[in-house]
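Encoded as structure tokens, the structure appears first; notes follow it.
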Amino acid sequence: AKDKGRNQFAVFDIEMEQEAQSRRMLLRDLQKGLDKKEFLLYYQPIVAMQTGKIVKAEALIRWDQPLRGRVNPGDFIPLAEESGMIVPLGNWIFNEAMQQLAVWRTQYKSDFSISVNVSPVQLLSTDLDCKQWLEKLAQLKIPSQALVIEITERMLLESDKISDENINTLQTAGIELALDDFGTGYSSLSYLKRFDINYIKIDRSFVCNLHRASEDVALCQAIIVMAHQLGIQVVAEGVETQEQHSILLEAGCDFGQGYWYCKPITAAEMTQRLVQENLK
Ligand code: C2E
Ligand code: CA
Ligand code: CA
Ligand code: CA
């Protein structure tokens with residue numbers, strides 16, 4: 001029995017070593033990918049619920065790695081966060097999204113705005129150069145209100161000086177804040193007190209089972225009422241059906257995002273959408 005136990009440990013060691021090895025390779029590929037411009041942004045329209053018109057878009061990163069193929073953010077953002085790579089990658093995301101936004105605003109829709117996901121690790125980093133971000137906006141003539149930063153409470157649980165400072169710097173400049181995945185964390189409500197939040201994004205898990213008989217109807221209604229009383233606007237994420245859309249609209253939800261309206265699309269496809277909207 002003793003021998004068997006030892007063998008099991010040996011197997012465990014090998015698995016751990018293989019896991020560590022594959023993470024090192026992924027990290028190496030991530031770093032290469034940034035140099036070789038293998039990343040791209042997709043955009044998912046956010047519509048005004050009342051009119052169905054596209055008013056904003058969320059930027060979502062994709063990675064086309066020559067050997068691995070299309071890698072989704074869920075499979076590399078965590079490692080980018082652990083390794084600190086998310087700081088340079090996040091700067092790339094910001095610059096790319098803002099250059100695109102400048103084009104869309106000048107050519108197709110002058111009041112368009114973009115939501116960018118910003119990782120807690122970026123906000124916790126002293127390397128995050130908020131000043132450079134603000135300079136970039138000025139240089140592109142984008143008013144800061146046209147940028148929404150989506151934050152999650154994940155890993156920002158403890159009050160933290162650097163992240164609060166970074167958030168305050170951006171917000172004082174006029175950048176708007178959205179609380180992402182609302183309702184899934186431990187401290188969603190305390191976040192509403194700690195920061196001056198402009199938008200709440202109701203997490204997909206509350207929307208996906210939303211039908212007339214579901215208890216989630218009451219939850220969504222309550223979130224919307226509370227948000228509005230605090231002067232916060234509400235975006236529902238993961239809207240996939242007409243029924244979910246109608247329930248949320250009836251409940252007074254301001255914005256919707258999800259496959260029912262449009263899946264995430266390339267910048268070129270997004271441009272086409274904006275052209276079509278202009279023709280309507
Ligand atoms: P998220 O911020 O909650 O983004 C929404 C995710 O839901 C996206 O997945 C989007 O494609 C997906 N989605 C949108 N509508 C629907 C729908 O109707 N049904 C379903 N089932 N899914 C829908 P994606 O693009 O794979 O991104 C996953 C997560 O990765 C994001 O969750 C975000 O946390 C992170 N992420 C994505 N892009 C970035 C980025 O540029 N920076 C950072 N830091 N994180 C990012
Ligand atoms: Ca988001
Ligand atoms: Ca979300
Ligand atoms: Ca989510």
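The values are calculated or read from the model by the stated rules, or taken from the named source; none is laboratory data. This one's a predicted model, so the numbers in the text were calculated from it and none came from an experiment. Ideal geometry is used to build each Cβ from the backbone, glycine not excepted, and the neighbour counts take in all protein chains shown. All accessible areas refer to the heavy atoms of the entire protein, side chains included, with ligands and DNA or RNA removed. Shrake-Rupley method; radii C 1.70, N 1.55, O 1.52, S 1.80 Å.
Restricting attention to region 159-200, the residues being over 21 Å from Ile46 (Cβ atoms), crowded, with 17+ Cβ neighbours inside 10 Å and at pLDDT below 85 number 2.
Per this entry, Leu26 is counted among residues that are away from ligand 1 (no atom under 12 Å from the Cβ), open to solvent by less than 40 Å² (accessible area, probe 1.4 Å) and more than 30 Å from Leu248 (Cα to Cα). Beta carbons closer than 6 Å, at least 6 apart along the sequence or on distinct chains, pair a first residue in region 257-269 that is under 16 Å from Lys56 (Cβ atoms) and open to solvent by less than 40 Å² (accessible area, probe 1.4 Å) with a second that is charged (D, E, K, R) and part of a loop (DSSP other than H, G, I, E, B) for Gln257/Glu237; Gly258/Glu240. For region 42-79, the tally of residues that are within 10 Å of ligand 1 (Cβ to nearest atom), part of a helix (DSSP H, G or I) and open to solvent by less than 30 Å² (accessible area, probe 1.4 Å) stands at 1.
For region 174-233, filtered to residues that are within 18 Å of Gln145 (Cα to Cα) and among the aromatic types (Phe, Trp, Tyr), the residue that is farthest from ligand 4 (Cβ to nearest atom) is Phe195.
Taking the stated definitions as given, is Asp111 of a type outside the set (A, V, I, L, M), assigned to a strand (DSSP E or B) and away from ligand 3 (no atom under 16 Å from the Cβ)? Against the criterion (of a type outside the set (A, V, I, L, M), assigned to a strand (DSSP E or B) and away from ligand 3 (no atom under 16 Å from the Cβ)), Asp111 does not qualify. Return yes when Asp127 is more than 16 Å from ligand 1 (Cβ to nearest atom) and in a loop (DSSP other than H, G, I, E, B) and no when it is not. Criteria not met by Asp127.
Cβ-Cβ contacts under 9 Å between residues 6 or more apart (or on different chains), taken from a first residue in region 127-156 that is free of Cβ contacts under 8 Å to residues at least 12 places away in the same chain and within 16 Å of ligand 2 (Cβ to nearest atom) to a second residue that is open to solvent by less than 10 Å² (accessible area, probe 1.4 Å) and not β-branched (Val, Ile, Thr), are absent. Just a yes or no: is a residue in region 128-149 of a type in the set (Ser, Thr, Tyr) and at pLDDT below 90? No, that holds for no residue. Taking the criterion of being buried (at least 17 other Cβ atoms within 10 Å of the Cβ), more than 16 Å from ligand 3 (Cβ to nearest atom) and under 22 Å from Gln171 (Cα atoms), the residues of region 80-96 that qualify are Ile86, Val87, Leu89, Gly90, Asn91, Phe94, Glu96.
Scanning region 224-280 for residues that are in a strand (DSSP E or B) and either in contact with a Pro (Cβ under 7 Å, 6 or more places away or on another chain) or within 16 Å of ligand 3 (Cβ to nearest atom) (or both) returns Gln233, Val234, Val235, Ala236, Phe255, Gly256.
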